[in-house]
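Single-structure report; data block below.
Just so you know, all these numbers are worked out from the coordinates, no wet-lab data involved. Treat the numbers as computed from the prediction; the structure is a model and nothing was measured. Here the Cβ is made from the backbone with ideal geometry for all residues, glycine too, and neighbour counts use every protein chain on show.
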Ligand SMILES: [Fe+2]
């Protein structure tokens, strides 16, 4: 598929994101985190994602100690419910689930104790951090995940203030083969102007290897459509992205 074909509109006059094929970051299991709260809400979003051209959605509810104490069981149980509802509605998207791990001592304990992590693709593990301070475990996490055969996917780096304040850390993390995952909606400025600017800088650096929606609700779907009209959207799709290999 040429790069120009997905910049055009599809037959429903919606932006066509079919080139991306797979979304790897969203919160589409009902009632287990701050994402969707009902099956019907999830169905509405997934129907939109199908219209936008996505073929596969690997949804990634939070696993955050003390806030969203999810386990593979809570996530995969909810996944089964969503898949059944999608089949009844005739929504033609392959739905899978992983999780977005919050990097803290509890996550490190899982890594060190050899607990099986809920990965996606080729042993990819999605990891987010706090927004303000560089977590002391960041480099240690990437080292141990690599040693155990996982590939660390760094969720929405453009949202981390500590990367803005310490740009040298970006190169340091890239040198460790950490996979940077951008939230497409960051290009709209919806989080903040500095987040948008860091997103653009990471695209200019060719640091981004995965694009995610981080969709929690329909607001994000509308922002996603808006992101496709920004001047960095084509630059983003020109990068060597891994989405359509997953
Ligand atoms: Fe997320």
Legend entry - Linear extension gain, residue 161 paired with residue 176, 0.36 nm per residue minus alpha-carbon span: 3.4 nm
Legend entry - In Å, descending, principal axis extents of the Cα set of the chain: 48, 40, 29
Legend entry - Distance in nm between pseudo-label sites at residue 139 and residue 115 (7 Å out along the Cβ direction from Cα): 2.6
Legend entry - Separation between Cα centres of the stretch 192-246 and the stretch 41-57, rounded to whole Å: 18
Legend entry - Sites residue 14 and residue 88, calculated FRET efficiency, Cβ-Cβ separation with R0 30 Å, nearest 0.05: 0.80
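Need one number: the % of Cα-Cα pairs in the stretch 14-58 sitting beyond the 16 Å mark.
37
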Legend entry - Helical contribution to [θ] at 222 nm, DSSP H n ≥ 4, -39,500 (n - 2.57), averaged over the chain, rounded to 500: -10500 deg cm²/dmol
Legend entry - the stretch 9-146 - Debye-derived log10 I(q)/I(0), Cα point model, q = 0.18 Å⁻¹: -1.01
